[in-house]
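The structure appears below as C-alpha cells.
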Amino acid sequence: MLFTGEYSSLRVLITKNADFDAQGFHLLFFGAAVTLLIVLMLLIYSVIDQSKSDACLKAIGILMLNIPIAIIYAIIELNDY
C-alpha cells in the first residue's frame, strides 16, 4: 500500500498522462498520512506495553525506509511541472 503513489508516478513517466500524475501525487500524500498514523499508533502501543517496545521500534524503522523513496518520487513529480 505504501508504494501505490510511487507506482502511479512511474506510470506518469511512461504514459505522460496528467490524470496519472494527479493520482500519483494524491496517493503519495495519502500514503504519507497513513504511514504517520501507523507510526503514532505503534509509538503509543510501545509506551503502553513496554515488553513490545523493541518490536514496535523495529516496525517503525522498517516503515521509515519508505521516506527516501517517497521524497525521490515527490521530487520527480514536482520537476515534471
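Numbers for the structure displayed
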{"item": "HN-Hα J in Hz across the range 28-35 - Karplus 6.51, -1.76, 1.60, θ = phi - 60°, x for Gly and Pro", "result": "4, 5, 5, x, 5, 5, 5, 4"}
{"item": "Phi to ³J(HN,Hα) by Karplus 6.51 cos²θ - 1.76 cosθ + 1.60 over the range 62-76, Hz, x for Gly, Pro", "result": "5, 5, 6, 5, 6, 4, x, 5, 5, 5, 4, 5, 5, 5, 4"}
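Any read-out appearing in this document is the output of simple, stated calculations on the displayed coordinates, not a laboratory observation. Everything numeric in this text was worked out from a predicted model, so none of it was measured.
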